[in-house]
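Peer 1: I have a structure I would like to understand better, so I am pasting it below and will then ask my questions one at a time.
The values are calculated or read from the model by the stated rules, or taken from the named source; none is laboratory data. Please read these numbers as outputs of a predicted model, since none were measured by experiment. When we count neighbours, we look across all protein chains shown, and the Cβ atoms used for this are built from the backbone with ideal geometry, even at glycine. To get the accessible areas, we keep the full protein, side chains included, count just its heavy atoms, and leave off ligands, DNA and RNA. Shrake-Rupley method; radii C 1.70, N 1.55, O 1.52, S 1.80 Å.
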Amino acid sequence: MKSKQNIHSVRVKICLLVDFAVILIGILMMINYSPNCKKEIEATTENYIGDLAVAYGSTLDNQIKSSDGKTTSVLSADNLSLKLEGGGMKGMESSYVYVVSAGGSMLYHPNGSKIGKSVENAVVKQICADLSEGKKVESQVVSYEYDGKIKYASVYISTYEEFVLVVTADQEEIIAPVTKIKRIGIIGLIVRI
């Protein structure tokens, strides 16, 4: 008889109300927080990846400028490998740099078997085609799908329109911190229930 009275007590009702409020606030925060956090991380990454592409691309442009027009030595796979090997966003295994000739041929790629072959990325193919047609193309940050993964890429167009430099990273790895925090929050809410 006494245990039934405890269930209906004011103390129990207040505890249940507080628990309900905590769970509701947690759910609302996750619904609002995750998308906003994802957008902010993506925007920051776009800026960072864009700055990297400009830094790497400007370095190559300056080397071309100081080589008195001898672009073949500057854009050789060996020279590009010395300059760009291991390049990309620090701390992101999926990030790397590659260079394509204005005609669409791979000049440098971390996967050496791709060098000399046509670029596979549809966005970069279109940029190279536009350059070949004499169209003005601006450096830009784009997203595309490759091998079933969404990738972000910053595309740097050479001042001399000799090459296109691309810094890329997988979206999944970029937003991994948000996904991890969301998982922890869901687990915390489940444990709270």
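Peer 1: Estimate the FRET efficiency between Ser81 and Val54 by the formula 1/(1 + (r/R0)^6), using the beta-carbon distance for r and 22 Å for R0, to the nearest 0.05. Provide the component values of the computation, followed by the final result.
Peer 2: Working: r = 20 Å, r/R0 = 0.93.
It comes out at approximately 0.60.
Peer 1: Can you give me the Cα centroid spacing of the stretch 102-149 and the stretch 6-25 in angstrom?
Peer 2: 59 Å
Peer 1: Hey, what did the stretch 47-165 get for relative contact order, percent, Cα under 8 Å, at least 6 apart?
Peer 2: 25 percent.
Peer 1: Which whole-number value in Å² is the accessible area per residue of the stretch 52-131, probe 1.4 Å? If you can, show how the numbers build up before the last one.
Peer 2: Details: 4000 Å² over 80 residues.
Result: 50 Å² of accessible area for each residue.
Peer 1: Let me ask you something else. Roughly what angle does helix 10-66 make with the longest principal axis of the chain, taking Cα atoms, 0 to 90 degrees, to the nearest 10?
Peer 2: Result, in degrees: 10.
Peer 1: Only Cα pairs under 8 Å and at least 6 apart count here; give the relative contact order of the stretch 2-110 as a rounded whole percent.
Peer 2: So the answer I get is 13 percent.
Peer 1: Highest first, please rank the peptides 173-184, 24-35 by the mean number of other Cβ atoms sitting within 10 Å of their residues.
Peer 2: 173-184, 24-35
Peer 1: If you don't mind, another one. Taking the Cα centre of the chain as the origin and placing charges on Cβ (Lys, Arg +1; Asp, Glu -1), which of Ile186, Thr71, Asn32 is farthest toward the positive end of the dipole?
Peer 2: Comparing the listed Cα positions along the dipole, Ile186 ranks first.
Peer 1: With a Förster radius of 35 Å, plug the Cβ-Cβ distance of Ser73 and Ile184 into 1/(1 + (r/R0)^6) and report the FRET value to the nearest 0.05.
Peer 2: Calculated value: 0.10.
Peer 1: Using log10 I(q)/I(0) by the Debye sum over Cα atoms at q = 0.09, 0.17, 0.18, 0.19 Å⁻¹ as the read-out, say which of (i) -0.29, -1.13, -1.28, -1.45; (ii) -0.47, -1.06, -1.15, -1.24; (iii) -0.35, -1.18, -1.31, -1.44 was calculated from these coordinates.
Peer 2: (ii)
Peer 1: Let me ask something else about it. With the cut-off at 1.5 for a/c, could you classify the stretch 100-145 from its C-alpha gyration tensor as rounded, prolate or oblate?
Peer 2: oblate
Peer 1: Which of the peptides 150-160, 105-115 is most tightly packed, and how do the rest follow, judged by the mean count of other Cβ atoms within 10 Å per residue?
Peer 2: 150-160, 105-115
Peer 1: Taking the Cα centre as origin and putting +1 on Lys and Arg beta-carbons and -1 on Asp and Glu beta-carbons, what dipole magnitude results for the stretch 1-135, to the nearest 20 debye?
Peer 2: 920 debye
Peer 1: Quick check: at a probe of 1.4 Å, how many percent of the accessible area of the chain sits on carbon and sulfur atoms? Kindly include the intermediate steps, with their values, before the conclusion.
Peer 2: Details: 6930 of 11950 Å².
The C+S portion of the solvent-accessible surface of the chain is 58 percent.
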